[in-house]
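Enquirer: Sharing a structure, written as structure tokens. Questions coming.
The values are calculated or read from the model by the stated rules, or taken from the named source; none is laboratory data. In this text, all values refer to a predicted model and were calculated from it rather than measured experimentally. Virtual Cβ from ideal backbone geometry, glycine too; neighbours counted across all protein chains shown.
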Amino acid sequence: MKPPNFLYARPDTLEDALQMLSEHGADAKILAGGQSLVPMLNLRLAEPKVLIDLNRLAELSGIRSDGGKLRIGALTRHRALETSREAFEAEPMIARAAREIGHLAIRNRGTIGGSIAHADPSAEWPLLAVALDAQIELRSKARIRTVRARDFFAGPFATAAEPDEIVAAVEIPRAPAQSGFGFHELCRRPGDFAIVAAACRIRMHDGRCIGAALAIGGADAMPRHISEVDRIVTGSRGEDAVLREAAAAVAKAVDPSGDIHASGEYRRKMAAVLARRALEEAFAGVAAVS
């Protein structure tokens, strides 16, 4: 096997990085944490002509509250999100999801922007972004634009980003008062990619649900927001019959395929199981603090 052959660039400014990407477009690959890209390079699954390393760009890192949302720079490491007090206070599901990502060495290097851009349908950050209706900020030399996470993922390892664009930041709404979340994933061993995962947040008022958002990862070509769940659980107190109906709606909505890890039918069944568990956890969480 011939060794990889590409130009390596490590720009000092975002402006320089975007200029390089403008010049090379689809021939270039962006290096952030490298936890997905480097294995792909080793296996010759990716063969860019130019590798643009963003790790000197401090402006793409950081976590800060901005009004009603949390703004997370694309180069922010998984471990930083796992341990950030500011992130936890804005949306505690962030720390919960971060703990499930790989092992500690991976969390110390991998970045949220890299995971979002890679768009693995089993990964935690794409799932969380869809569940929480996050906004993805994209930058190119010519423009800055924002895409709703629910519109950003286009299929396995495919997104709405253009070849000359990078993921610059992710904006996640702050968790509303009187709300709860649930996050569950199934994997063979700690640190493995999820076979199926579920994430949800519900809002309550006077003991009844006034809004819900649930997404499933690993059971479709992309993280899937199951809008029917909102209709089913709104107005309820999380009764057993309601949760059964919501789980059935999830099983009907997803379109999983099989592989060496699990059959499509098993994924469908587990999507329903994990969706119910996530909803149960969310309702119980609200009750515990009420």
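Enquirer: Of everything in segment 139-159, what is surrounded by 16 or more Cβ atoms within 10 Å (Cβ to Cβ) and farther than 18 Å from Glu124 by Cα? Give them in sequence order.
Expert: Those that are surrounded by 16 or more Cβ atoms within 10 Å (Cβ to Cβ) and farther than 18 Å from Glu124 by Cα: Arg139, Ser140, Val147.
Enquirer: Would you call Arg244 buried (at least 23 other Cβ atoms within 10 Å of the Cβ) and modelled with pLDDT of 95 or more?
Expert: When the stated conditions are applied, Arg244 does not pass them.
Enquirer: Another question about this same structure. Quick check, is Ala26 assigned by TED's automatic domain parsing to the domain that holds Asp164, surrounded by fewer than 16 Cβ atoms within 10 Å (Cβ to Cβ), of a type outside the set (Ser, Thr, Tyr) and part of a helix (DSSP H, G or I)?
Expert: Answer is no for this residue.
Enquirer: Still on this structure, I have one more. Quick check, is Asp259 surrounded by fewer than 20 Cβ atoms within 10 Å (Cβ to Cβ), modelled with pLDDT under 95 and in a loop (DSSP other than H, G, I, E, B)?
Expert: For Asp259, the condition - surrounded by fewer than 20 Cβ atoms within 10 Å (Cβ to Cβ), modelled with pLDDT under 95 and in a loop (DSSP other than H, G, I, E, B) - is met.
Enquirer: Just checking: which of the strands (runs of 3 or more DSSP E) contained wholly in segment 174-224 hold 1 or more residues that are out of contact with any Ser or Thr (no Cβ under 6 Å at 6 or more places or on another chain) and among the aromatic types (Phe, Trp, Tyr)?
Expert: Ranges flagged: 179-186.
Enquirer: Look at segment 226-241 and say how many of its residues are touching a helix residue (DSSP H, G or I) at 6+ places or on another chain (Cβ under 6 Å) and either surrounded by fewer than 20 Cβ atoms within 10 Å (Cβ to Cβ) or assigned to a loop (DSSP other than H, G, I, E, B) (or both).
Expert: Total meeting the criteria: 4.
Enquirer: Please work out which residue is farthest from the chain's Cα centre (by Cα), limiting yourself to segment 1-47 and to residues that are modelled with pLDDT of 90 or more and closer than 24 Å to Gly102 by Cβ.
Expert: If we take residues in segment 1-47 being modelled with pLDDT of 90 or more and closer than 24 Å to Gly102 by Cβ, then Lys29 is farthest from the chain's Cα centre (by Cα).
Enquirer: Let me ask something else about it. What are the pairs with Cβ atoms under 6 angstrom where one residue, in segment 143-167, is within 19 Å of Pro256 (Cβ to Cβ) and in contact (Cβ under 8 Å) with a residue 40 or more places away in the chain and the other, located anywhere, is basic (Lys, Arg) and part of a strand (DSSP E or B)? Sequence gap at least six, or different chains.
Expert: none
Enquirer: Between Pro163, Pro126, Pro121, which is surrounded by 21 or more Cβ atoms within 10 Å (Cβ to Cβ), in the same structural domain as Gly67 (by TED's automatic domain parsing) and in a loop (DSSP other than H, G, I, E, B)?
Expert: Matching residue, one of Pro163, Pro126, Pro121: Pro121.
Enquirer: Right, here's the next one. Which of (1) in a loop (DSSP other than H, G, I, E, B); (2) over 18 Å from His118 (Cβ atoms) is the odd one out, the single condition Gly34 does not satisfy?
Expert: It is condition (2) that Gly34 fails.
Enquirer: May I pose another question? Restricting to segment 196-228, what's the tally of residues that are on the phi < 0 side of the Ramachandran plot and out of contact with any strand residue (DSSP E or B) (no Cβ under 8 Å at 6 or more places or on another chain)?
Expert: The total comes to 5.
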